[in-house]
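Only one structure is covered here, and it is reproduced in the block below.
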Amino acid sequence: MPNNTTDTGTPERIFIKGNEAIAHGALAAGCRCYFGYPITPQNDIPEMMSYALPDAGGEFVQAESEVASANMLLGAAAAGIRALTSSSSPGISLMQEAISYMAGSELPGVIVNMNRGGPGLGDIGPSQGDYFQSVKGGGHGDYKLLVLAPATCQECYDMMVEAFDLAFKYRNPVMVLGDAIVGQMKEPVTPWKPAAVAGTEAADWRLEGARGRKPRLLKSLFLEDGALAGQNRHLQAKYADMQAEARAECFLTDDAELIVVAYGSIGRIAKSAIRKLRAQGHKVGLVRPQTLFPFPGPLLRGLAEQGKRFLTIEHNCGQMVEDVRLSIRGIVDSAFYGHMPGEMPGSDDFLAPILDAMGGK
């Protein structure tokens, strides 16, 4: 990675893609293993990690498949290593069994999904069609991932640092969910150096040989009577504790009559539309969830209790809108506008839906 200060001591800004910011952030966070398989539109991540990670003292492996990549991630996580895999949509689908095993075994790891169009092979353009898969547990069983949703290249960097910290804090996989817009756009990023990873991280559970101590066992198989029920109670309590990490960007919400809820790239495009409508005197604001799980439901409910109306905008056929409606149920409903995957949205596309939700004002 380049130095992050100039000769004058001021932070150095670098002009990079979102995918490259993901890789820079992972390296800054102490990632020392990457396992992956090529798929558009996230290939800049493994490309950069392939030459930068060995220089950082780590290991890069281009696996034979996404299935292998995710299982390698599981193995590195069991050794207490900060490890990463990345893919896009159909590749993430192939990883779901291993991700469920990691959640069941309480293993930390970071998975990046630069969402592309679907279903099926779809196309290589942007989409938010993987929301359900990401926040509801895409594999088998009752489990959750922490899910972060960047909207800028700087957030790609910052959230990667946070993702590794959260993974080890909760001993749980973390997903960073972007899309082809976030991954391929270029913006200035200011790298920063987080605190060095402590050598004692994971010292009480990682597998490193049992010399001088009792053996340890990391598993997701619980066959004894009542054992699986106990593990699930433990996991559900942990997921409840994760609610403390929920957050969102609020933009012009104080006096807003209508709140637009949108995440990731659609959140920043909606923000541009809101600026245009504000200039015309329309009282509309934005809530952009930065964590998709845990979802910032209490924030939305508080706004609903103030009498505000809601419009959820997504680049899919309607997924996050279900969580919005659950958050505000019994008070108000949320209108919905879905921009179809396969079509690139612009801020003007959102003007009419927002005005319609405001009652045609």
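The values are calculated or read from the model by the stated rules, or taken from the named source; none is laboratory data. The model shown is predicted, which means the values in this text are computed figures rather than measured ones. When we count neighbours, we look across all protein chains shown, and the Cβ atoms used for this are built from the backbone with ideal geometry, even at glycine. Surface accessibility is based on the protein's heavy atoms, side chains included, excluding ligands, DNA and RNA. Shrake-Rupley method; radii C 1.70, N 1.55, O 1.52, S 1.80 Å.
Only residues that are open to solvent by 10 Å² or more (accessible area, probe 1.4 Å), of a type in the set (Ser, Thr, Tyr) and in a loop (DSSP other than H, G, I, E, B): list them for the range 242-283, please.
253, the sole residue that qualifies.
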Problem set entry | Among residues of the range 91-117, those that are open to solvent by 10 Å² or more (accessible area, probe 1.4 Å) and under 15 Å from the mean Cα position of the chain (by Cα), counted | 1
Exercise. Would the range 325-336 turn up any residue that is open to solvent by less than 30 Å² (accessible area, probe 1.4 Å), of a type in the set (Gly, Ala, Ser) and in a helix (DSSP H, G or I)?
Worked result: yes
For this session: Kindly provide the set of residues from the range 62-90 that are open to solvent by 50 Å² or more (accessible area, probe 1.4 Å) and either in contact with a strand residue (DSSP E or B) (Cβ under 8 Å, 6 or more places away or on another chain) or assigned to a strand (DSSP E or B) (or both), ordered by number.
Result: 62, 72, 81
Seminar exercise, completed: Per the list (1) open to solvent by less than 10 Å² (accessible area, probe 1.4 Å); (2) small (Gly, Ala, Ser); (3) within 26 Å of residue 132 (Cβ to Cβ), residue check on residue 23 breaks on (3)
Exercise. Of all residues in the range 50-87, which are free of Cβ contacts under 8 Å to residues at least 60 places away in the same chain and hydroxyl-bearing (Ser, Thr, Tyr)?
Worked result: 50, 51, 65, 69, 85, 87
Exercise. Taking the condition outside any loop (DSSP other than H, G, I, E, B), outside the structural domain of residue 124 (by TED's automatic domain parsing), free of Cβ contacts under 8 Å to residues at least 40 places away in the same chain and open to solvent by 20 Å² or more (accessible area, probe 1.4 Å), does residue 223 pass?
Worked result: no
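Is it the case, given these coordinates, that residue 288 is open to solvent by 20 Å² or more (accessible area, probe 1.4 Å) and within 23 Å of residue 352 (Cα to Cα)?
no
Could we say that residue 46 is open to solvent by 10 Å² or more (accessible area, probe 1.4 Å) and either among the polar types (S, T, N, Q) or under 28 Å from residue 218 (Cβ atoms) (or both) here?
yes
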Exercise. Taking residue 235 and the conditions (1) closer than 28 Å to residue 179 by Cβ; (2) crowded, with 17+ Cβ neighbours inside 10 Å, which numbered condition does it fall short on, given that it satisfies the others?
Worked result: (1)
Exercise. Do we have residue 197 as touching a Phe, Trp or Tyr at 6+ places or on another chain (Cβ under 6 Å) and touching a residue at least 24 places away in the same chain (Cβ under 8 Å) here?
Worked result: no
